[in-house]
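Heads up, the thing below is written out as structure tokens.
The values are calculated or read from the model by the stated rules, or taken from the named source; none is laboratory data. The structure presented is a predicted model; accordingly, all values stated were derived computationally and were not measured. Reconstructed Cβ throughout: ideal geometry from the backbone, glycine too, with neighbour counts over all protein chains shown. Accessible surface is based on the protein model in full, side chains and every heavy atom, while ligands, DNA and RNA are left aside. Shrake-Rupley method; radii C 1.70, N 1.55, O 1.52, S 1.80 Å.
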Amino acid sequence: MSFLIYLDQNTLSDLRQRKIDESQNDLFILLKHVLKSEQITVVYSHVTLDEILQISKAEYRKEHIDILAELDAKYIEPLQRTLSNQEPENIWCAHLENKQSNEDLGITALMEVSQLSSRKISGLPVDESFSEINEKLKVNLSTLISNCEAQLASIGIEKLDEPLRNYFVNMQSQLDELRVKSSSLQAPDIASEQQLGPQQFRDMPEIKALEVKNLEVEHVVHAIEATFKLENSSFDLTDYFEDTPQTAVARAYSLMNWAGYYADDFTKTKKGKDRFNASSNDMQHAVSALGVSFLISNDINFIKKAKACFAYVDCSTVVCNPQEFIDKHCNFV
């Protein structure tokens, strides 16, 4: 039987040979040995690669790719959720190419603008109003559609065989529909003087009365969700989230952050550190790890929320820190 092990970024980083040589940490020496067992498959995701890409030194980036290769780690294909047999170096190169392609098409710029509303709602300082962000969103979406259409035009669709031609014709039709929908995008109906950020939600008597940190892990998200629905009876969460285990985990993680359950400090801004982005990455790590045997992390707050997320969707993934993994779960090696 093979066990799938997902490592968060800090744990992966601590397994680099340079870090082990510097620290002489027996725990990580042992953990690396265990992770090389034939009974274990280490897995990683696009979030892992995104966080490696944020590292400023190319030398340190390479160390992370090297440790993935040393552990014979397998990449989780984000759409199919299957494991790729390609080497980490090849996956990394493809990831960089995809990032460049997204930038060239305008996808990166669109994502950056769309994130402004989330940042503003979360209480972070954003100069633009919601209306201004909405207009920027329309402009960037129009640019993206035009760039996609230009690429389609360069292919010469009329010269392709019928199945492939039909595929690209359908894609053009979808772009036409997207252009129509983009023109009707509306800014959130939030007054400029309205208090934003999670504190108002956390200060609600009903939320305080939950004492969420004292709840059993399997009850945490259900309790927060029930309270949210009581206070926002006309707001249906399912209108904004697809009904999949992955989106349920993302929704649960966000609700816990807003309710103050071992929350990330995503409302804080520090020089050179984007805690909002880091919190989003943590959430995506939890989503990516859904269904593996073990998720290993040294981040106490992340462990607490990941456990509650997986309990919420009835997932058997065990979340633990490296010491717990070695002490309690390594009898199979």
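Here are the numbers for the structure shown:
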{"read-out": "Sorted peptide list for 82-92, 151-161, criterion being average Cβ within 10 angstrom, highest first", "value": "82-92, 151-161"}
{"read-out": "Accessible area of the chain belonging to carbon and sulfur atoms, whole % at 1.4 Å probe", "value": "49 percent"}
{"read-out": "Options 2, 220, 106, ranked by Cα towards positive dipole end of the chain, top entry (Cβ charges)", "value": "220"}
{"read-out": "All-pairs Cα distance distribution in segment 198-315, expressed in whole percent, bin size 10 Å", "value": "13, 46, 34, 7"}
{"read-out": "The chain, dipole about Cα centre (Lys/Arg Cβ +1, Asp/Glu Cβ -1), debye to the nearest 20", "value": "540 debye"}
{"read-out": "Label of the coordinate-derived value, Kirkwood radius over Cα pairs in Å, listed as [x] 21.5; [y] 22.4; [z] 20.5", "value": "[y]"}
{"read-out": "Solvent-accessible area per residue, Å², over segment 26-141 with all protein chains present [probe radius 1.4 Å]", "value": "54 Å²"}
{"read-out": "Kyte-Doolittle mean at least 0.0 and Cα axial length at least 20 Å: DSSP H helices in the chain", "value": "107-121, 130-155, 245-259"}
{"read-out": "Sites residue 218 and residue 195 - FRET efficiency at Förster radius 35 Å, r taken between beta-carbons, to 0.05", "value": "0.65"}
{"read-out": "Span per principal axis, largest first, for the Cα atoms of segment 147-187 (Å)", "value": "42, 17, 9"}
{"read-out": "Debye equation applied to the C-alpha atoms of segment 3-103, log10 I(q)/I(0) at 0.12, 0.14, 0.15 Å⁻¹", "value": "-0.38, -0.52, -0.60"}
{"read-out": "Extension gain, residue 186 back to residue 118 (0.36 nm per residue minus Cα-Cα distance, nm)", "value": "23.0 nm"}
{"read-out": "For the chain, calculated [θ]222 nm from helices alone, where every DSSP H run of n ≥ 4 adds -39500 (n - 2.57)", "value": "-18500 deg cm²/dmol"}
{"read-out": "Peptides ranked, highest mean first, by Cβ atoms within 10 Å: ranges 293-304, 170-181", "value": "293-304, 170-181"}
{"read-out": "Residue 170 versus residue 24: modelled label distance in nm, points set 7 Å from Cα along the beta carbon direction", "value": "6.2 nm"}
